[in-house]
1. Just to be sure I understand: of the beta bridges DSSP finds with both ends in the chain, what percent are antiparallel, rounded to 5?
2. Throw me the Rg/Rh for the chain, computed over C-alpha atoms with Kirkwood Rh, two decimals.
3. How far, in nm, would the chain grow between HIS195 and LYS30 when pulled straight, counting 0.36 nm per residue and subtracting the alpha carbon separation?
4. Roughly what would the spin-label model give for GLU140 and ASP108, points 7 Å off Cα along C-beta, in nm?
5. In this model, which of LYS18/LYS117; LYS44/LYS168; LYS9/LYS168; LYS121/LYS190; LYS18/LYS160 are farther than 31 Å apart at the alpha-carbon?
6. Suppose we keep just the alpha-carbon trace of the stretch 74-139; what are its Rg and Dmax in angstrom?
7. Could you check the simple spin-label distance between LEU215 and SER10, using points 7 Å along Cα→Cβ, in nm with one decimal?
8. Which longest run of the chain has no exposed loop site in it, a site being trypsin sites (Lys or Arg not before Pro) in a DSSP loop with at most 16 other beta carbons within 10 Å, and the site itself not part of the run?
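Quick note: the coordinates plus some simple rules give every number you see, no bench work behind them. Just so it is clear, the model here is predicted, and its values are computed rather than measured. As a convention, Cβ positions derive from the backbone with ideal geometry for all residues, glycine included, and neighbour counts pool all protein chains shown.
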Amino acid sequence: MIICENIAKSYAHGSHRKQVFAGVNLTVGKGERVALLGRNGAGKSTMIKLIGGVEMPTSGRILRSMTVSWPLGFSGAFQGSLTGYDNARFIARIYRRDYLSMRDFIEDFTELGSQLKMPVKTYSSGMRARLAFALSIAIEFECYLIDEIILVGDRNFHNKCSEELFDKRSDRGMILASHSMDSIRSLCNKAVVLHNGVANTYEDVHEAIYIYENL
């Protein structure tokens, strides 16, 4: 389970602080698929980074009793001077996974070919997203954090991502930030609407979408 207790997040903005949200409470159980809905700037990506441990809340706390992925598509953890292969080797070592089997999966999934031998800093954003996604699903997590950035790209790669994540891992928990209401309706069974620094949770996804679309 993931429990967010009274989470607040703000950033320094000149001589002031910009408040993204405050007093956010959220619980995600095993196998739940939770949508994060909100206009641009509402804090969807920030919330995903907080739950993933990429950033820390200004106040409040996040409790995790199940394994949580880093935000899929987030490539900030890459060491740019290392190759794709070297980054995969590093991830394998951290999570104590067999590097050779992980390498085979990444080669097949990313279709990056010889680019995997090149430093990641030479990759396009699309190539980095492919590698980040492949590394994320090469490690089995109980809950996946998904930002809409991973759902872009050509149709074949999009379909490959959907099959690996939503079909083969249909029993996992997921937190999904997306502007695609069709995706939210088909994938999620719970939703959180972020607006004006407040988060409201809805068990009825259709009700959440209606409220979001009428903000």
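1. 55 percent
2. Values: Rg = 17.6 Å, Rh = 18.0 Å.
Looking at the chain, the ratio lands at 0.98.
3. 56.8 nm
4. Distance between the two pseudo-spin positions: 1.6 nm.
5. Working: LYS18/LYS117 41 Å; LYS44/LYS168 25 Å; LYS9/LYS168 34 Å; LYS121/LYS190 37 Å; LYS18/LYS160 38 Å.
Pairs exceeding 31 Å: LYS18/LYS117; LYS9/LYS168; LYS121/LYS190; LYS18/LYS160.
6. According to the Cα coordinates of the stretch 74-139, Rg and Dmax are 10.3, 29 Å.
7. The answer from the label model is 2.1 nm.
8. 98-167
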